[in-house]
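J.: Okay, handing you the structure first.
The values are calculated or read from the model by the stated rules, or taken from the named source; none is laboratory data. The model shown is predicted, which means the values in this text are computed figures rather than measured ones. All Cβ positions, even for glycine, are placed from backbone atoms using ideal geometry, and neighbour counts span all protein chains on display.
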Amino acid sequence: MIMEDYEQQLPRQNRFMKPVPEYHQITNDLFIWHGYNPECKTDCSSTAIRTPDGFVLIDPVRLEEQAIERMVGDDRVGAVLLTSGNHLRSSLYEKERLDIPIYAPEDAHQDVPADYLVKDGELLFRTLKDHRSARRRFRRDRLPRTGRFGDR
């Protein structure tokens, strides 16, 4: 694929997102960043985790190239991991630019061009484990009132 064709393959809402210039380092191995998507009028967040196999970009919003180079340093980016079929964002761009695979949940196989489909509970990159079944069991009404998220 030619880089110019990248945007044409993106879902419409991702074509309007500008590359993000900054990220936040939480620990030596954990980074986050977010970018505003004007089409769906929301902030989209992304995470990078350093693993023994290199960095894994989770649901990546496109970072400016200088920002990702600063974050990764002498290490490398080893993969993109999607948590949902509608989180493609800049995954195709990063896949081509960095020559890395895309991992996605097995139930997202029709929504994204994944290289690997991840099963519930599967250990990835010797560090990360898919916990979709735990998310399904989570219920907001079990949270104490002070621990609720959102507008209430």
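J.: Which of (1) in a strand (DSSP E or B); (2) among the charged types (D, E, K, R); (3) over 17 Å from D75 (Cβ atoms) does E22 not meet, given it meets every other one?
T.: Looking at each condition in turn, E22 falls short on (1).
J.: Among (1) modelled with pLDDT under 75; (2) under 25 Å from I26 (Cα atoms), where does H109 come up short?
T.: Of (1) modelled with pLDDT under 75; (2) under 25 Å from I26 (Cα atoms), only one is false for H109: (2).
J.: Check off (1) touching a helix residue (DSSP H, G or I) at 6+ places or on another chain (Cβ under 8 Å); (2) closer than 22 Å to L123 by Cα; (3) modelled with pLDDT of 90 or more for N28 and give me the number that stays unchecked.
T.: So the condition that N28 fails would be (1).
J.: Given the condition closer than 21 Å to A104 by Cβ, in contact with a His (Cβ under 7 Å, 6 or more places away or on another chain) and at pLDDT 90 or above, answer yes or no: does some residue in the stretch 47-58 qualify?
T.: The answer is no; no qualifying residue exists.
J.: Just the residues that are within 17 Å of L124 (Cβ to Cβ) and not in a strand (DSSP E or B), please, taken from the stretch 52-65.
T.: If we filter the stretch 52-65 for residues that are within 17 Å of L124 (Cβ to Cβ), which is where we start, we get 52-60.
Once the filter is applied, which keeps residues that are within 17 Å of L124 (Cβ to Cβ) and not in a strand (DSSP E or B), the stretch 52-65 yields P52, D53, D59, P60.
J.: Looking at the stretch 87-116 only, could you name the residues that are loosely packed, with under 15 Cβ neighbours inside 10 Å, over 19 Å from T51 (Cα atoms) and not acidic (D, E)?
T.: Within the stretch 87-116, H109, Q110, P113 meet the criteria.
J.: Quick one: in the stretch 27-49, which of the residues that are out of contact with any Ser or Thr (no Cβ under 9 Å at 6 or more places or on another chain) and in a strand (DSSP E or B) is surrounded by the fewest Cβ atoms within 10 Å (Cβ to Cβ)?
T.: Step one: of the stretch 27-49, the residues out of contact with any Ser or Thr (no Cβ under 9 Å at 6 or more places or on another chain) are 27-28, 37-45, 47-48.
Remaining after also requiring in a strand (DSSP E or B): 27, 37, 42-45, 47-48.
Working: T27: 8, N37: 18, T42: 11, D43: 10, C44: 20, S45: 12, T47: 18, A48: 22.
The residue in question is T27.
Yes/no per residue for (1) part of a loop (DSSP other than H, G, I, E, B); (2) closer than 14 Å to W33 by Cα; (3) of a type in the set (S, T, N, Q); (4) touching an Asp or Glu at 6+ places or on another chain (Cβ under 9 Å):
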{"residue": "A67", "(1), (2), (3), (4)": "no, yes, no, yes"}
{"residue": "D75", "(1), (2), (3), (4)": "yes, no, no, no"}
{"residue": "V80", "(1), (2), (3), (4)": "no, no, no, yes"}
{"residue": "N86", "(1), (2), (3), (4)": "yes, no, yes, yes"}
{"residue": "E94", "(1), (2), (3), (4)": "no, no, no, no"}
{"residue": "I100", "(1), (2), (3), (4)": "yes, no, no, yes"}
{"residue": "A104", "(1), (2), (3), (4)": "no, no, no, yes"}
{"residue": "D111", "(1), (2), (3), (4)": "yes, no, no, no"}
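J.: Of (1) more than 18 Å from F31 (Cα to Cα); (2) modelled with pLDDT of 65 or more; (3) touching a Ser or Thr at 6+ places or on another chain (Cβ under 9 Å), P101 satisfies all except one. Which?
T.: (3)
J.: Within the stretch 71-91, which residues are under 27 Å from G121 (Cβ atoms) and among the small types (G, A, S)?
T.: G78, A79, S84, G85, S91
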